[in-house]
Every structure is written in structure tokens, then in C-alpha cells.
1. Of the residues that sit in the stretch 37-47 and are crowded, with 17+ Cβ neighbours inside 10 Å and not β-branched (Val, Ile, Thr), which one is nearest to Leu13 (Cα to Cα)?
2. Can you tell me which condition Ile180 does not meet? The list is (1) farther than 22 Å from Val30 by Cα; (2) in contact (Cβ under 8 Å) with a residue 12 or more places away in the chain, and all the others hold.
3. Any residue that is of a type in the set (A, V, I, L, M), touching a helix residue (DSSP H, G or I) at 6+ places or on another chain (Cβ under 9 Å), at pLDDT 95 or above and surrounded by 14 or more Cβ atoms within 10 Å (Cβ to Cβ) - is there at least one of those in the stretch 97-116?
4. Looking at the stretch 64-96, which of the residues that are of a type in the set (Asp, Glu) and over 24 Å from Val46 (Cβ atoms) is surrounded by the most Cβ atoms within 10 Å (Cβ to Cβ)?
5. Regarding Tyr61, is this residue buried (at least 19 other Cβ atoms within 10 Å of the Cβ) and at pLDDT 95 or above?
6. Which one of Asp77, Asp157, Asp130 is without any contact (Cβ under 8 Å) to a residue 40 or more places away in the chain, charged (D, E, K, R) and either within 21 Å of Ile8 (Cβ to Cβ) or in contact with a Cys (Cβ under 9 Å, 6 or more places away or on another chain) (or both)?
7. What about Val112, is it in contact with a strand residue (DSSP E or B) (Cβ under 8 Å, 6 or more places away or on another chain), among the aliphatic types (A, V, I, L, M) and without any contact (Cβ under 8 Å) to a residue 60 or more places away in the chain?
8. State the number of residues belonging to the stretch 129-184 that are of a type in the set (A, V, I, L, M, F, W, C), more than 19 Å from Asp91 (Cβ to Cβ) and in contact with a strand residue (DSSP E or B) (Cβ under 6 Å, 6 or more places away or on another chain).
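The values are calculated or read from the model by the stated rules, or taken from the named source; none is laboratory data. In this text the structure is predicted, and so the values were computed from the model without any measurement. Cβ sites come from the backbone with ideal geometry, for glycine too, and all protein chains shown count toward neighbours.
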Amino acid sequence: MKVVAVCIGEKKLINWKGKIVETGIFKYPVKEIELDFEEVVSDAIVNRKHHGGIEQAVYAYGENHYGYWKEKYPNADFDFGMFGENLTISDLDETQIHSGEQYKLGTAIIEVTKPRDPCMKLGVRFGTQDILKPFWNSTMCGVYFKVLQKGKVRPGDELILIKSSETRPTIAEMYNENRIKKGQ
């Protein structure tokens, strides 16, 4: 797995169906990002309850998933960062990544923590809340990481597994359990 893009976003106020919504989901590629223990430096985090913090410092999404969503939503603007991810990763497979696995990435060390549950802001990004049910019904949820060692990451950096956790649940298994709990 390699980094295809590194992305950050600014806080935005948008009018969503007559209501002003504050969001940081509109991310765009940059040359390099810096991972800190609770966030990606210079990346807007609007809702700290659901984003950022120790367990959700960095969000990664699979480049390999983009084709599936492009086919379902051909009118959406599919630049990297579309899913609100900080890292767009080649060949990311949530069915093969286990909670607790640790990776060296650039000059950082990161650990897999949990899947991303979709919220209405993903629908805002896509221009329709219709994305939420198909997103829930897939295992293409992306991965949250905690940062064990601060560092910088650039496109082309490789995720190098330094600690396996194959006895722990995969991100897809955790995601399906979340979906069931939330009645999705």
C-alpha cells in the first residue's frame, strides 16, 4: 500500500437545504502533511466528538474504492480527498487490515484504530444524502489511525507493516458490527 495523495481542508460554511452547515470534509491534495498525536497539522476539524483526537487523528481511504463510487455517482467531483480523507492509499482493503496493526509511514508511526462511520456531511460532500445507505452497506469505509510517532507524509510513501494484529478484528468486521448496532 502506498500513499497516492495527502489531503487537508479548511473550515467551510455552506448552505445545505436552507441550513448553514459548518464542515471540514472538503479536503484537497497538498505536497506533504504533518501527523500530530491528535490531528493532521493545518487540517480543519469541525466536530471533535467524531473527528480528530487520539483514536481518529488520521483518516485514510482507498484509491481502489474510487471507481466503484464514480460509477454510482458519475456527476460528483472526484478529486482525492472526496471522502474527507487525509491519506488516499492504493490497494486499501478493510477486510485485510486489523485493529492494532502498526505501520511506518513517511517519518511517522501510526496504528489502526477503527472504521469511519458515515455522517450527513459525507452526503453534503456528494450533494446527496443518498450516498449514506450504500456507504453503510459496503465495507469501503476507510480506516482511522492513531499517531504513535509524529512525522511527515508525502505521496509515494509506503505503509510498512511493523506490527501485525491478525488475531484482532478487521476494520470491515468492526464496521459491520457498528452498522448492525446503529440499525443501518
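1. This residue is Ala44.
2. (2)
3. Yes, that holds for at least one residue.
4. Ranking the candidates gives Glu94 first.
5. Spelling it out, Tyr61 is indeed buried (at least 19 other Cβ atoms within 10 Å of the Cβ) and at pLDDT 95 or above.
6. Unique residue meeting the criteria: Asp77.
7. Against the criterion (in contact with a strand residue (DSSP E or B) (Cβ under 8 Å, 6 or more places away or on another chain), among the aliphatic types (A, V, I, L, M) and without any contact (Cβ under 8 Å) to a residue 60 or more places away in the chain), Val112 qualifies.
8. Result for the stretch 129-184: 3.
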